[in-house]
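These notes concern the structure reproduced below.
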Amino acid sequence: MSRESLYELQQLDTETEVLNHRRVNLEQRGILEAALTEQAEHQVEIDAVAAARVEVANRQRRHEDEAQIVATKVQADEARLYSGEVQGVKDLEALQHEIAGLKERQEGFEDQALEAMEEAEELATRIAALEEARADVDGRIAVLRDEITVAEAEIDAEIERTAAARAAAASASSPELVAEYENLRPGFGSATVVHFDGNNCTGCPSTMPAMEVDRMKHEASGSILNCHECGRIVLR
């Protein structure tokens, strides 16, 4: 396995990791998450206002029914009043007083029904505004999802390209060395394969012992070594 193919393998793995990270952390994903939260909040508010509208509509209908019941009673009493059925003065006065009270009650129910109707209209207007706002969010969500789909496809194409290049680099390598590299990479990441700069392994966190430096200096140029200090693969 050549130095170039081993180092290329590492570069391609690093590039793939960067691409995968970019795919997962697309800027549009955060914006989409916020938009979905906004969409859900709009829906909760719409549902709450719609429920209030149903309650108001039921109240309006109840007051209208009550007004109708009283109106029917008024009609019946007025029919009695003018039918001659009631003869006594006191009875006539009592019936007239009852009719007046019923009409007052009827007006009260009708006023309450009218108030409920106006409240229902206000709630309907509020729902329409909320639905318009939600529709705007729905549109933004659709656009963001399309953008994410396009971005993912572009990144996936890059990942496929790097995968093909990696396969070619790995096929030009010794299986044993590839296996060693892949075993070390979880611990060392993009610094699994490093260079010897003539005085130090560039992956070592501290200065190499002089004996280890001397050992590497005496290896042939172009050799692929293991650093006894940090455990990385070193290109001589």
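The values are calculated or read from the model by the stated rules, or taken from the named source; none is laboratory data. Keep in mind it's a predicted model, so treat the numbers as computed, not measured. Backbone-built Cβ (ideal geometry, glycine too); neighbour counts: all protein chains shown.
Tell me the residue from N183, N226 that is of a type in the set (S, T, N, Q) and modelled with pLDDT of 90 or more, please.
Of N183, N226, the one residue that is of a type in the set (S, T, N, Q) and modelled with pLDDT of 90 or more is N183.
Which residue out of A116, A151, A120, A163 is surrounded by 15 or more Cβ atoms within 10 Å (Cβ to Cβ), in contact with a helix residue (DSSP H, G or I) (Cβ under 8 Å, 6 or more places away or on another chain) and closer than 30 Å to V18 by Cα?
The match here is A151.
Quick check, is I141 within 22 Å of R29 (Cβ to Cβ) and of a type outside the set (S, T, N, Q)?
Against the criterion (within 22 Å of R29 (Cβ to Cβ) and of a type outside the set (S, T, N, Q)), I141 qualifies.
Those residues that are surrounded by 14 or more Cβ atoms within 10 Å (Cβ to Cβ) and among the polar types (S, T, N, Q), I need them from the range 70-101; list them, please.
Selection gives Q96 alone.
Cβ contacts < 9 Å: first residue not assigned by TED's automatic domain parsing to the domain that holds V56, restricted to the range 101-118; second residue outside any helix (DSSP H, G or I) and surrounded by 13 or more Cβ atoms within 10 Å (Cβ to Cβ), any location; separation 6+ or different chain. Result?
none
Scan the range 50-76 and report the pairs whose first residue is farther than 15 Å from E104 by Cα and whose second residue is modelled with pLDDT of 95 or more and among the charged types (D, E, K, R), with Cβ atoms within less than 6 Å and a gap of 6+ or a chain change.
That search, which allows pairs on different chains as well, returns V56/E119.
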